Every structure is written in C-alpha cells, then in structure tokens.
Amino acid sequence: MTTLTGGVARVKQRLGDRVFSKLSVSAGIIILIALALVAIFLIQQSVPGFTTTDPKTLATTLATKGIWAYALPLAFGTVWAAALALVMAFPISVGIALFISHFAPRRLAQLLGYIIDLLAAIPSVVFGLWGIFILAPDVLPIYVWLEKNLGWIPLFSGPVSATGRTILTASIVLGVMIIPIMTAMCREVFLQTPRLHEEAALALGATQWEMIRIAVFPFGRSGMISAAMLGLGRALGETMAVALVLSPASVISFALLTSENPSTIAANIALNFANSSGISVNQLIATGLVLFVITLLVNSVARYVVNRRKAFSGAN
C-alpha cells in the first residue's frame, strides 16, 4: 500500500515488518549492552589485580614478579596453542568442505555433513579425555622420532615429555575441535558459488582443480577468512580440553615436545579459580580481561580483512 506525502510516494510497512524491524534492532542493542557490561565488569574487577604491589598478596599466587609477568606467559600460551591449532586444522577443513561440496556423491556428502555437524556438538571435556588417554600415548613415539631426527630445530628440541602431554598435543586436540565449525562454514560458502561461474571456467577448458582455484576460492575467500577467525576464537577461549591435556608451567617457550609448556588463560582460570581468594581472584580476572582484549583484536582484524576482500569477491 502506497501513500503520497508531499508528492513523494511512500510504502506503508505491514505490521509484521515493523515488529520484525523493532525486534532486530532490540536484539542488536541487547548484544552491545551485554558486551559493554562484560567489559565493565572485567575492568572493574581487574583494577586491584593490576595495581597491587603488596609482596604478601603477590606471594600467594604465581605472580611473584607482578601481574604482567604472570599474565604474559599465559597470553603467549593462549595465542601459541590457538595458532598451532589453526595452522593444522584450516587446510583440513577446507579440504573436507571441498570434498563435500564438489567431489563426493550426493548421499556421501549428506552423510559427511551430518557427521561434521555431530562432531561440533561433542562436549570439550570429551575431547580432553580423548587427548589424555588416547592421543598423548599414541603420539609419543612420533615425538621421540621428531626429537631424534629434527631436534636441531628449536621447535622439536628435547627432552621429550614422558607423558606426551605437551603444547603440541593440546593444539592437536584444539585443531580437532575447531575442524567441524570451520568445515561447516566453508562448505556452505563453497555451495553458494554461482553455478554459471563454475560452468564458464569449465567451458574455457579449466580442469576441476583450476575451476575451484579461479571460481570457487575467489568467491568464498571472505567466508573462508571468517571461518578461520571463528575457529581461532573458539581455540582461544577453550578451557576444559586444554586444562585436562596440558601440563602447564609459567614459561614462554616455542618448544613443542618438552614437559614445560606455557598454559592458556582460560585453562589457568579454570584450574586456579576455586582455590583463590582476595587479590588472587582479581589477578585471575585481570588475565581474563587480557583474553577478552585478545579476542576482540582477533575479531576486529578478521572483520577488517573480510571487508577489504569484499570488493574483490567473485560474488561481485
């Protein structure tokens, strides 16, 4: 229904459209308010942890040299473990998504899609138990081989952990955990590639792989980046799997096979919060604020990259 107002035709919105519009705006505002409240809480509770200089209170925690010396190894371990997981999991996720969307028969693709969605619903504690009892003992001979043959590389220097519970094992568990969500996103993006683009590439003589490289990947580049950043965010905030698998220490080390491993912020909070009190709680919350900032930075960078790539997407 249209009405004329001052010579300009205006379309009158239906009741359902107006309600949906108001609900959408309200949902966006609620998200912003919730994010602001979380940030305010973290900042408020972190101030005592950042500002305390009392050696008696500092001696009750691992932060014997101050909060920054306490938080820096945890921040390093968080980023290091998540980055390793992403490096291992992202190519596998893209490969699985391509197989489901362009190579597998229809019935097999549907079955694999159900399995991927099912893996995404498995609790993290189950992955942690699998990492302790199955993965760690099985990869120990591989770690010994890596140290023996590639020990001259700092990443694989020894001595090898006798239990196999290293930062590399924790990263493998994280990689397995983030594969389903990245695969599901990449699969949906690849399936949305315009059929005309694919047929045009094939008609010009491109092979199947060349068609994927010149038609599918350019169209899905922004979605692939979004999937990678979503998986990285999941790995950054993962708690129980890392807490169960990792044998943590307050160190900054790139060695992947030793028993001295940097812990992650989320795992450290989960392991120490129940036994903490007073200023120690504020110091743990302060490390949570650091994780909050890291996550915001990662998502902001991802959004910037995605927005830059939109102009060059095959969708245009």
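If the Kirkwood radius is taken over C-alpha pairs of the range 207-314, then at 10 °C and 1.306 mPa s the Stokes-Einstein diffusion coefficient equals 95 µm²/s. Rounded to the nearest 10 degrees, the inclination of helix 106-120 to the longest alpha-carbon principal axis of the chain is 40 degrees. Just checking the listed ones, G16, G237, G205: in the Gaussian network model of the chain with Cα springs under 10 Å, the one fluctuating most is G16. Quick one: compute the contact order of the chain, relative version, from alpha carbon pairs under 8 angstrom and 6+ residues apart, as a percent. Relative contact order, the chain: 28 percent.
The amide H of A249, built 1.01 Å from its N in the peptide plane, has N261, S263 as neighbours under 5 Å, considering only residues 5 or more places off or on other chains. Report summary: the helix-based calculation at 222 nm, which adds -39500 (n - 2.57) for every DSSP H run with n ≥ 4 and divides by the residues of the chain, gives -22500 deg cm²/dmol.
Listed values for the range 189-196 are Karplus-derived 3J(HN,Hα) couplings in whole Hz (6.51 cos²θ - 1.76 cosθ + 1.60, θ = phi - 60°), namely 5, 5, 5, 8, 4, x, 4, 5, and x replaces Gly and Pro. Once the chain from L129 to A34 is taken as fully extended at 0.36 nm per residue, the excess over their C-alpha distance is 30.9 nm. Among G158, G278, G77, the residue with the largest mean-square fluctuation in a Gaussian network model of the chain, with springs joining Cα atoms closer than 10 Å, is G278.
Here is the P(r) of the range 125-168: all C-alpha pair distances, binned every 10 Å from 0, give 31, 48, 19, 2 in whole percents. Cα-based values for the range 37-310, radius of gyration first and Dmax second, are 21.5, 75 Å. Can you tell me the 0 to 90 degree angle between the C-alpha axis of helix 15-51 and the longest principal axis of the chain, rounded to 10? Approximately 20 degrees, to the nearest ten.
Bear in mind that the values in this text are calculations on the coordinates, not laboratory data. Remember, it's a predicted structure, so these values are computed and weren't measured experimentally.
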